[in-house]
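The values are calculated or read from the model by the stated rules, or taken from the named source; none is laboratory data. Everything numeric here is computed off the predicted structure, so don't read it as measured data. Cβ coordinates were reconstructed from backbone atoms using ideal geometry, including for glycine residues, and neighbour counts include every protein chain displayed. Accessible surface areas use protein heavy atoms only, side chains included; no ligands, DNA or RNA. Shrake-Rupley method; radii C 1.70, N 1.55, O 1.52, S 1.80 Å.
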Amino acid sequence: MRGQDLINAVLPDELILEIFNRLDESKSTRDSSSLVCKRWSNLERLNRRSLRIGVSGSPDSLVKLLLQKFVNVRSVCLDVRLPITAPSQFGPSVGRRFRRRPSQPPPVSKKRRYGNVAAGSSAKFHVSPSGSSEEIDLEQNSLSDAGLAALSEATKLEKLSLVWCSNVTSMGLKSIAEKCGSLKSLDLQGCYIGDLGLAAVGQCCKHLEDLNLQFCEGLTDTGLVELAIGCGKSLRILGIAACAKITDISLEAVGSHCISLHTLSLDSESIMNKGILSVAQGCRMLKVLKLQSINVTDEALQAVGKFCSSLELLALYRFQRFTDRSLCAIGNGCKKLRCLTLNDCYFLSDEGLQAIGAGCAELSHLEVNGCHNIGTFGLESIGKFCRKLSELALWYCQRIGNNALSEISRGCKFLQALHLVDCANIGDDAIYDIAHGCRDLKKLHIRRCYEKRKNENASTASILNKLEPSLEVGDKAIIAVGENCKHLTDLSLRFCDRVGDDALIAVGQGCPSLRHLNVSGCHQIGDAGLTAIARGCPQLVHLDVSVLQHLSDIALAEVGEGCPLLNEIILSHCRQITDVGITHLVSKCTRLEACHMVYCPSVTSAGVATMVSSCANLKKLLVEKWKISQRTRRRAGSIISYVSIDL
């Protein structure tokens, strides 16, 4: 009946709260439910479990204010990189109390600087309580121990993230530890806390399961040893990076006390074999191991293979002192291994990868980056034995040829993602075989895969091209992809010079689910290819056609007509695009959020103004500064976060 609130008259508070418990934690969902009425808004505040707050401005007072509004929070994230959008329920007074000039950057601690990590961040806060939001400005400041003292009143807190809160010290962390004994997850990335604070966590937070200590420069072995003794029985996940004073002594304590540890991420030049050996022997439930250390040798990784039989993910970065013996040990002992990343491991060869293929039949993800001694034979072994492989990434693998991918196509029928970057010996034939053998392929990324003939004059290169098959990826391969990979959603062909319109026509006709397309630098692609994409791929949301010299307004008009869901387009260095094409594009693509059109000489200030006025959701426009008129600048101020650059 009109004018009567039948729902609130019947439903008790307990039932509405139960409904809220079943909602997701997204801001839009929470906002919508809280706007129903005042009663629902109050109940939603009681039900709020998580807050995400930017720590630039005056966060100490802001944290206290938010905890008065939301008394049952379990998870709080304080991050200098988060944007600031103030909920309208706080009223205009919040905007007056927390104010800074828009041009000011977020604060940088006087104790140390981290380059652009803090300085380039946006000084904004974002929470997910009820009410619509508006952007406000905050004065330069950063979260301090006083803010953590206020936060410690949230005694039900289970998850706390303090990301790049460089003014926080051990005293603030100690106040949290003493009052928030139920804490299970703690992220201290970039915080200058010391041993005293970490020791307090170890003494008071006996349920701690997840700890991130990346870039905690003030820590030494003393603090981490105390924490391992106090929280060792519960700790499951540990991350350490750029902590120069943490050595093997800490890892020995972890190995002795953290017997339930299943994830370890370690990036340190201070760690030697002794620390990894202790972890391998003591943490036999380890499932995830990510290591970046130039001082670890075969001895340590052989211990991992011997003792960590439950290992499922292994990532090795920039190892210069271990050989195939390590991978042979992993292949022999870690039969459950599913994901393997090898990055800049110079002394690995085909023998190591063959051992992985023969021993790790469960392998589903493999990434090889810059391991220059791994070639075709090693990858062929993966194709023969690892039938569950679903994602393969090869970066700068000059010794891997077509035969390796042909073997992958025969043995790995469930492959869904393939990434190839600067693999000079992989060409049309390999991708052709992949297209026919791996028909469930959803993601294909290829960048600059072509043979580089050095020290050859033009006539010699011509003769060689006639005698040997071309190793570049071209139309033949991509046409096969379009005809066979009907589930393809993401295609990137950056700087594949031999790919032309015929390839895109096949993709447009055969891949209706395509959502992401990047053909930057594919100079043979023109209007015909992009027209086919526009007409055959209505779900397209991301399009990069930068540096396409033959693309004109005709193609943009087709994209505008056929791709209404498009939210990001990159047009930079497209010399034939004009204001007319921009007008046709934005007339139908009303969901555009980002557009790059630097060095488009035929696009004028009028075209930029059309883009700004027609796209209400626009958040980023990259264009030469001189093309921004005063009127456009005034209008764009409230809807564009980054409007111009100097060129």
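Excluding ligands, DNA and RNA, the accessible surface per residue across the stretch 511-622 is 36 Å² with a 1.4 Å probe. Taking every alpha-carbon pair under 8 Å whose residues sit at least 6 apart, the stretch 513-647 reaches a relative contact order of 18 percent. Computed from phi, the 3J(HN,Hα) profile of the stretch 435-443 under the Karplus parametrisation 6.51, -1.76, 1.60 (θ = phi - 60°) reads 4, 7, x, 10, 6, 8, 4, 10, 9 Hz, with x in place of Gly and Pro. Work out the FRET efficiency for residue 317 and residue 237 from their Cβ-Cβ distance, taking R0 = 25 Å, and round it to the nearest 0.05. Rounded to the nearest 0.05, the efficiency is 0.85. Normalised by the number of residues in the stretch 265-361, the mean separation of alpha-carbon contacts (under 8 Å, six or more apart) gives a relative contact order of 26 percent. Fully extending the segment from residue 633 to residue 523, taken as 0.36 nm per residue of separation minus the present Cα-Cα distance, adds 36.2 nm. Once you place label points 7 Å from the Cα toward the Cβ at residue 361 and residue 591, how far apart are they in nm? Those two pseudo-labels are separated by 4.4 nm. Rolling a 1.4 Å probe across the protein heavy atoms gives the stretch 286-378 an accessible surface of 37 Å² per residue. In the stretch 379-448, the portion of solvent-accessible area held by carbon and sulfur atoms comes to 47 percent [1.4 Å probe, whole percent, DNA, RNA and ligands not counted]. For residue 318, nonlocal amide neighbours, meaning residues 5 or more places apart or on other chains whose placed amide H falls under 5 Å from its own, are 343, 344, 345.
Counting only protein heavy atoms and a probe of 1.4 Å, the accessible surface of the stretch 557-629 is 52% carbon and sulfur.
Taking all protein chains as they are arranged and a probe of 1.4 Å, the heavy atoms of residue 40 leave approximately 40 Å² accessible to solvent. Taken along the Cα-to-beta-carbon direction at a fixed 7 Å, the label points for residue 513 and residue 497 span 3.5 nm. For the stretch 204-252, with all protein chains in place and a probe radius of 1.4 Å, 56% of the accessible heavy-atom surface sits on carbon or sulfur. Across the cross-link table entries 287/388; 442/476; 206/290; 64/206; 184/287; 335/388, which are compared at the Cα atoms, the separations over 22 Å belong to 206/290; 64/206.
Using 1/(1 + (r/R0)^6) with R0 = 35 angstrom and r between the beta carbons of residue 22 and residue 616, what's the FRET efficiency to the nearest 0.05? Step by step, r from the Cβ atoms, then E = 0.60.
Between residue 561 and residue 388, the FRET efficiency from the beta-carbon distance, with R0 = 51 Å, is close to 0.75.
The order of 399, 236 by accessible area, most exposed first and with a 1.4 Å probe, is 399, 236.
PRE reach from residue 284 (point 7 Å along Cα→Cβ): which of the stretch 224-247 fall under 20 Å by backbone N? Of the residues in the stretch 224-247, 232-237 have backbone N under 20 Å from the label point off residue 284.
Overall, the stretch 317-372 carries a charge dipole of about 240 debye about its Cα centre when +1 sits on the Cβ of Lys and Arg and -1 on the Cβ of Asp and Glu, all other atoms neutral.
Tell me which residues come under 5 Å, amide H to amide H, from residue 51 once H is placed; ignore anything under 5 positions away on its chain. Those qualifying (amide H under 5 Å, at least 5 residues apart or on another chain) are 75, 76, 77. Amide H contacts of residue 492: 444, 445, 446, 518, each under 5 Å away and 5 or more positions distant or on a separate chain (H built 1.01 Å from N in the peptide plane; Pro and chain starts excluded).
Take the stretch 142-272 with all the other protein chains still there, run a 1.4 Å probe, and you get 34 Å² of accessible area per residue. Computed with a 1.4 Å probe on the full set of protein chains, the accessible area for residue 501 sits at about 40 Å².
The slack in the chain from residue 549 to residue 486, taken as 0.36 nm per residue of separation less the alpha-carbon distance, amounts to 19.8 nm. Working note: Karplus 6.51/-1.76/1.60 with θ = phi - 60° gives the stretch 170-181 the couplings 4, 5, x, 5, 5, 5, 5, 4, 5, 9, 10, x Hz, where Gly and Pro are set to x. 3J(HN,Hα) along the stretch 508-516: x, 7, x, 10, x, 8, 4, 10, 10 Hz, from the Karplus curve 6.51 cos²θ - 1.76 cosθ + 1.60 with θ = phi - 60°, whole Hz, x for Gly and Pro. Computed over neighbours whose Cβ is under 12 Å from that of residue 283, the net charge equals +2, Lys and Arg +1, Asp and Glu -1. Length gained on full extension, residue 274 to residue 539, computed as 0.36 nm times the residue gap minus the Cα-Cα distance: 90.1 nm. Just report the Cα centroid separation between the stretch 356-389 and the stretch 475-552, whole Å. About 29 Å separates the Cα centre of the stretch 356-389 from the one of the stretch 475-552. A simple spin-label model places pseudo-atoms 7 Å from Cα toward Cβ; at residue 310 and residue 15 they are separated by 4.5 nm. In this view, the solvent-accessible surface of residue 533, computed with a 1.4 Å probe and all protein chains in place, comes to about 0 Å².
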